[in-house]
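Right, one structure below, let's go through it.
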Amino acid sequence: MPKSKLQKQSDLEKIKEQIAGAKAITFTDYRGMKMEDLDSLRKTLRSKGGKFTVTKVSLAGLAFGDKEKLQEIVGGESLALAYSNQDEVSVAKEVKKAGKKNENIKILGGFYEGRFLNREEMEALADLPNKEELLTKLLWVVKAPGNNFAGAMNNFAQRLVYVLKAVSEKQV
């Protein structure tokens, strides 16, 4: 049974709410995926603070305010939105990883910082390290000089002990 105009308006508002706080949104094609694979992807995305919502291209286009641009990016494909309110890249990274395991899920493009991204740009975003990985790398960079200094001082102290020991043995 077709949806009424009121139901379609409600669906549109729901999509707008979902994408309003999202850091980045990945447009995916899920056609041909088995239900258990979809459920597994949803569960994985939820564990990363993300969500996976199947929608119509026309409704998503209205929600983003540029139906033609969205249609140009996704074509006539089936559309699901994968997004997170916590991290810009973790959801795209998980969708890309799922696409390697299951050829039926593909990244079609995305929406990030107020602009549409094509498939290549979205996959490049998925290849970036997430916030946690960046903080870990930054911590190592900040910590490295201190570790190197401590190692050098320890090495210097050991050599000093050996020299003093050799001098004392020589005097005896």
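No lab work stands behind these numbers, since they all come straight from the coordinates. Remember, it's a predicted structure, so these values are computed and weren't measured experimentally. Methodologically, a virtual Cβ is constructed for each residue, glycine included, from the backbone with ideal geometry; neighbour enumeration extends over all protein chains shown.
Remarks
- Rounded FRET efficiency, nearest 0.05, which uses the C-beta distance separating Val141 from Asp37 and R0 of 45 Å: 0.70
- Qualifying GluC sites (Glu not before Pro) in segment 112-166, where qualification requires a DSSP coil assignment and no more than 11 other C-beta atoms within 10 Å, comprise Glu113.
- In the chain, the longest principal axis of the Cα atoms and the axis of helix 90-101 are about 80 degrees apart.
- Applying both filters, DSSP loop and at most 13 other Cβ atoms within 10 Å, to the trypsin sites (Lys or Arg not before Pro) of segment 1-84 gives Lys3, Arg31, Lys34.
- Basic side chains Lys and Arg get +1 at the Cβ, acidic Asp and Glu get -1 at the Cβ, and with that the dipole of segment 3-127 about its Cα centre reaches some 440 debye.
- Mean ellipticity per residue at 222 nm, deg cm²/dmol - from DSSP H runs of n ≥ 4 across the chain, formula -39500 (n - 2.57): -20500 deg cm²/dmol
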